[in-house]
1. Look through Q113, Q109, Q103 and report the one residue that is within 14 Å of the ligand (Cβ to nearest atom), surrounded by 14 or more Cβ atoms within 10 Å (Cβ to Cβ) and of a type outside the set (A, V, I, L, M).
2. Inspect all residues belonging to region 55-70 and state whether any of them is over 18 Å from Q7 (Cα atoms) and in a helix (DSSP H, G or I).
3. Restricting to region 1-34, name every residue that is assigned to a loop (DSSP other than H, G, I, E, B) and of a type in the set (D, E, K, R).
4. I need the full set of residues from region 198-215 which are farther than 17 Å from S15 by Cα and either of a type in the set (D, E) or near the ligand (Cβ under 10 Å from one of its atoms) (or both), in order please.
5. Taking into account only those residues within region 213-238 that are closer than 26 Å to N202 by Cα and free of Cβ contacts under 8 Å to residues at least 12 places away in the same chain, which is surrounded by the fewest Cβ atoms within 10 Å (Cβ to Cβ)?
6. Looking at (1) more than 12 Å from the ligand (Cβ to nearest atom); (2) more than 22 Å from L119 (Cβ to Cβ), which one does K218 not meet, given that it meets all the others?
Amino acid sequence: MTKFPYQTALITGASSGIGKAFAYELAKKGIDLVLTARSEDKLSEITEDLKSKFGINVTYFLADLNESDAPQKLVHQLEQGKITIDLLINNAGIGKWTNFLDQSVTTYQEMIQLNISSLVSLTQLLIPNMLKNKKGGIINIASTGALQPCPYIAVYCASKAFVLSFSESLYGEYLDKGITVTAICPGNTQTNFQVTANANTNGMTYESPEKVASQSLKALLDKKNNKIIGYNNFLQSFIPRLLPRKTVINIVKNMMNKKVNA
Ligand SMILES: NC(=O)c1ccc[n+]([C@@H]2O[C@H](COP(=O)([O-])OP(=O)(O)OC[C@H]3O[C@@H](n4cnc5c(N)ncnc54)[C@H](OP(=O)(O)O)[C@@H]3O)[C@@H](O)[C@H]2O)c1
């Protein structure tokens, strides 16, 4: 079996869901971890559990990535702890299923800060060391919502379209310099996301966060530019490519209007 090529991973949004699943997948491989999120109780419990079960080094730093200087502060803490990150997992994110006008400007600004700006900043701050060592991996969590326009989830899906486009552009810039950047598009996944997003997913199928994490790591090792998680999601991703864009907008509009305004 090929040795896992990275030593120390930073995972954002590691206190629950997909981020937590990444932590356990990587711990099984013996990778040292730096976890970050806002919930100290959860991070502390996960850290202790990982240390005792897997005997790896695990550190956590609290960060609210809605704050524009949080990525810089986080990287400063890494430098102070002499921790070099060669695998960055930009996972933290929030969404809202909503009529566009039903949320405040602040809600959207925070979503954009977390899902886009902090992700770009952390990526830019951590690439120089990866370049110096000619080795790095970056996994950015987008969504199947990145693959087509989504009426009633407009800001969230647009933010994930940014993540997909940004990641694939960097894939092009850095692959031959030793850094793989892989965008991941999960569909519905069983986490706290649906609660914070007020998402009515009745009748929809779910993937597990563990499957998302393990398939994402495989995609990174396979040097993929993107990976859609789950066979059904993969098949459905073809529809927007085959139909006129206006037709796709109407299909999603009719489906989501029923869910959001039921
Ligand atoms: N679940 C799905 O159906 C689904 C589908 C496609 C894509 N995704 C994407 O998957 C990623 C992970 O979400 P999840 O499904 O695992 O949901 P989750 O269980 O709600 O986890 C979200 C994580 O983000 C952290 N977070 C939220 N706001 C933050 C902030 N301001 N600063 C720092 N950390 C923050 C949360 O930690 P704290 O609250 O402790 O800060 C938590 O660890 C997100 O980017 C999401 O968009 C999810």
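1. Of the residues listed, the single one that is within 14 Å of the ligand (Cβ to nearest atom), surrounded by 14 or more Cβ atoms within 10 Å (Cβ to Cβ) and of a type outside the set (A, V, I, L, M) is Q113.
2. yes
3. K3, K29
4. A199, T201, M204, Y206, E207
5. That would be Y231.
6. Failing condition for K218: (2).
Table: residues versus (1) among the small types (G, A, S); (2) part of a helix (DSSP H, G or I); (3) surrounded by fewer than 20 Cβ atoms within 10 Å (Cβ to Cβ).
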{"position": "T36", "(1), (2), (3)": "no, no, no"}
{"position": "S44", "(1), (2), (3)": "yes, yes, yes"}
{"position": "D49", "(1), (2), (3)": "no, yes, yes"}
{"position": "S52", "(1), (2), (3)": "yes, yes, yes"}
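Just so you know, all these numbers are worked out from the coordinates, no wet-lab data involved. Predicted model only: the values in this text are computed from it and were never measured. Every residue, glycine as well, gets a Cβ built from its backbone with ideal geometry; the counts of neighbours run over all protein chains shown.
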